1. Could I get the Rg over Rh figure for segment 149-279? Both from C-alpha atoms, Rh via Kirkwood, rounded to two places.
2. Between residue 410 and residue 716, how high is the FRET efficiency from 1/(1 + (r/R0)^6) when r is the Cβ-Cβ distance and R₀ = 45 Å? Nearest 0.05.
3. Kindly report, to the nearest 10 Å², the accessible surface of residue 249 as traced by a 1.4 Å probe over protein heavy atoms only.
4. Provide the packing ranking of 139-147, 196-204, 325-333, 532-540, i.e. peptides ordered by the mean count of other C-beta atoms within 10 Å per residue, highest first.
5. Taking 0.36 nm per residue of separation and subtracting the Cα-Cα distance, what length does fully extending residue 308 through residue 556 add?
6. Within the set 117/299; 64/214; 70/117; 248/401, which residue pairs have Cα atoms separated by over 21 Å?
7. Nearest 0.05, what FRET efficiency do residue 166 and residue 325 give at R0 = 56 Å with Cβ-Cβ as r?
8. Can you bin segment 483-576 into rounded, prolate or oblate? Criterion: square roots of the alpha carbon gyration tensor eigenvalues sorted a ≥ b ≥ c, rounded for a/c under 1.5, prolate for a/b above b/c, oblate for the rest.
Amino acid sequence: MKKSSFLNIIWVCLLALIVNSYSVPVKADNVISLEHRKKTVPDSLLEKIFLSAAQYADLVKEYKSDLYLKGNFKVHHRNRIMKYLPAMFRLEKGVNSYVHESLSYLHYTAPDIYDRKMRALVSTFPNSRSETFDIINYINFNIYSPSVMGDKILSPLSASSQRHYRYEFESVSYIYGAPVYQINVIPRYRSTQLLEGSIWISSWDWTVKVFDLKGKYDLMGFRMYMRMGDTEETKYLPTLFHLNLDFKFLRNHTEMNYTGWMRYNSVKFKSDDDKVDKRSKKERLNLSRSYTLTCDTSKLIVDRDSFNRLRPIPLEYHEDTLYAAFDRRVSQRKLEAAIHDSVRTKKHKNLVFWGQIGDALISSYNIDVPKIGSIRCSPLINPVLVSYSHRQGVSYKQVFKFNKLFYNGKHLRIVPQIGYNFTKKEFYAKADMKYVYNPAKNASFELNAGNGNRIYSSVVLDQLKNIPDSTFSFDGLNLDYFKDIYLNLSHNIEIINGLRLWTGLSMHWRYTKSSPEVAERVRSHYNSFAPRIRIEWTPNMRYYMNGRRKINVGSKYPTFCVDYERGIKILHNSGEYERIEMAAEQVIRLRKVHSLAYRLASGFFTNQKTTYFVDYVNFAYRNLPEGWNDDIGGTFQMLDSRWYNSSRHYFSGNFTFESPFIFLYPVGNLLSFIQKERIYGGILFMPHLNPYFELGYGIGTHVFDAGIFIGNERGKFTSVGFKFTFELFND
């Protein structure tokens with residue numbers, strides 16, 4: 001027997017022994033605290049638990065481990081809807097049981113930086129790409145942290161979350177003579193941000209020995225059983241866990257049971273010197289060491305024979321039978337394919353073609369062409385692509401993504417987008433292309449092209465200037481709308497860390513239908529040619545190097561930007577103008593699961609001698625919207641789109657506060673499907689609107705985002721509206 005195999009057997013036996021030792025029944029004369037059974041845990045004990053958890057939350061500075069995952073997937077019930085769900089498994093007809101295994105290297109660095117490199121992967125799925133395989137948020141289950149699962153759920157061991165939970169004694173057991181309390185954790189109301197179950201805590205050092213918790217998030221019910229290590233190095237870290245994922249949607253029911261095993265190669269703890277960071281500012285901002293593993297992961301092992309030699313835990317009998325059945329199905333398909341190739345007809349080719357078209361309509365797909373690049377697209381028939389607002393009506397958008405990463409870190413990215421507004425009956429299209437030629441400096445050439453919003457010229461501003469605020473109305477004005485086609489060419493480079501310089505050209509071709517009435521006021525065609533410069537600065541930007549590529553990961557400070565554009569007379573029918581805009585924006589994390597996002601912006605046009613178009617960059621109506629955490633925040637929902645082009649100057653501010661608990665937590669049992677609540681706000685100063693206020697309230701669920709808004713013009717509430725976007729499987 002090989003030495004490695006013998007060591008693996010010893011390791012498994014030790015694990016079994018540890019599991020059994022944790023569940024040894026306690027003798028009656030030793031159970032001194034059973035009087036607390038089913039009674040509320042006293043505040044003095046909770047205080048010790050919360051205080052210890054706060055100390056242990058970031059005690060581990062770094063670790064490196066091997067991670068083995070084994071998942072058994074079971075289809076309990078499915079119907080035709082199953083194949084229309086984005087990111088869902090492509091299941092074989094008549095096959096309801098599958099198995100999936102993986103081996104990875106895992107590197108953790110405080111705070112909350114996980115770098116996972118896949119080493120080996122085998123599966124009985126016909127196509128193993130799916131988000132269901134990515135359970136990294138469950139693996140990153142630091143029970144001591146104030147929030148778990150990527151800051152989505154509040155930990156019951158955090159003092160700040162105590163008001164959301166009830167704590168009861170269940171039993172007391174002993175490990176090596178030390179009492180271990182089993183405490184039941186019960187949420188005070190149903191919520192996707194709370195957990196339920198039991199935690200076993202040692203009274204010797206108030207560490208968690210075992211926990212068994214369940215919850216639900218994004219249509220996925222889960223139950224996590226995790227056993228912590230039994231050595232001084234690993235007692236704060238999990239060594240063995242079982243995860244059950246239960247998915248139910250429109251009479252479809254699937255279940256995944258995972259077994260996870262972790263072996264730590266090294267564990268480092270924070271020292272007193274680490275609390276006072278003596279590193280230079282440059283060293284503190286460079287996180288390359290946290291994001292880079294020194295192991296060789298260039299070759300992914302996918303053949304079964306090689307994986308069998310690496311597997312640390314033996315397969316069970318039913319898992320062996322699943323692999324055997326899969327091998328038989330593969331052999332049968334190869335035989336059928338050989339037969340079909342010999343008798344292939346034109347009719348059969350047409351059926352294959354229309355089948356591929358059908359797959360594109362209802363399924364997400366990735367096309368990876370060697371030496372060319374990868375193309376990613378969501379299903380063409382997908383409710384996620386549809387949105388509704390009271391002001392703009394129903395709209396649809398679709399995004400395609402092409403990526404090509406070169407061996408030296410250079411990167412080509414092309415993102416075409418299309419959209420259609422059914423209310424206005426307008427079609428929108430744009431394409432963004434970016435070629436990164438110096439990845440260490442994020443230096444790139446960019447091209448942006450598309451058709452913008454309908455807009456009117458600056459001639460209209462003179463009409464608006466003479467109308468009193470009290471009688472102002474767009475409806476009585478004769479506005480000549482121009483269609484817009486734009487092209488931006490630019491060069492972008494990060495001069496120093498966090499400071500980006502954008503230089504380029506901005507060109508527009510604007511036109512409208514020519515008629516004698518229009519000709520009396522304006523021309524039917526206008527062009528613009530404008531050199532442009534944009535400076536963005538984010539202080540203390542954190543980053544890491546992936547080979548030669550510099551990847552920014554954010555800062556605790558806001559991003560400031562100045563954008564200047566000057567029109568010059570080069571193209572036919574072009575005019576002169578100057579546009580200056582300034583902005584500052586930031587997303588602030590407040591106590592993990594709460595966030596506050598804000599944007600302040602101001603802009604104005606100068607050199608107003610010739611006809612031009614008031615077309616701002618930071619203050620503009622987006623026909624293809626982009627928000628912060630949703631497609632609703634960060635803009636004005638009730639503001640008429642005509643206001644965006646009606647003033648030579650403006651000042652605006654927007655904010656969004658997001659939290660799982662704002663107004664609805666007292667009725668959480670009735671509204672347990674709500675994951676986030678949001679408060680929106682906005683203020684705008686410009687002529688005829690001094691000021692314009694907008695307030696809104698929204699909810700976020702695993703299926704949709706929705707918000708209701710109130711607009712206030714010059715002190716009077718003028719409009720109430722609604723915004724709705726699908727979010728189903730959008731993450």
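1. Taking Rh as the inverse mean 1/r over Cα pairs, Rg/Rh reads 1.02.
2. In this case the efficiency is close to 0.20.
3. Its accessible surface works out to 40 Å², give or take rounding.
4. Highest-to-lowest ranking by the protection proxy: 139-147, 196-204, 532-540, 325-333.
5. Contour length minus the Cα-Cα distance gives 84.7 nm.
6. Long pairs (Cα-Cα over 21 Å): 64/214; 248/401.
7. Calculated value: 0.75.
8. prolate
The values are calculated or read from the model by the stated rules, or taken from the named source; none is laboratory data. Computed from a predicted structure; not experimentally measured. Positions of Cβ are backbone-derived with ideal geometry, glycine not excepted, and every protein chain shown enters the neighbour counts. Protein only, heavy atoms only, side chains kept; ligands, DNA and RNA dropped before computing areas. Shrake-Rupley method; radii C 1.70, N 1.55, O 1.52, S 1.80 Å.
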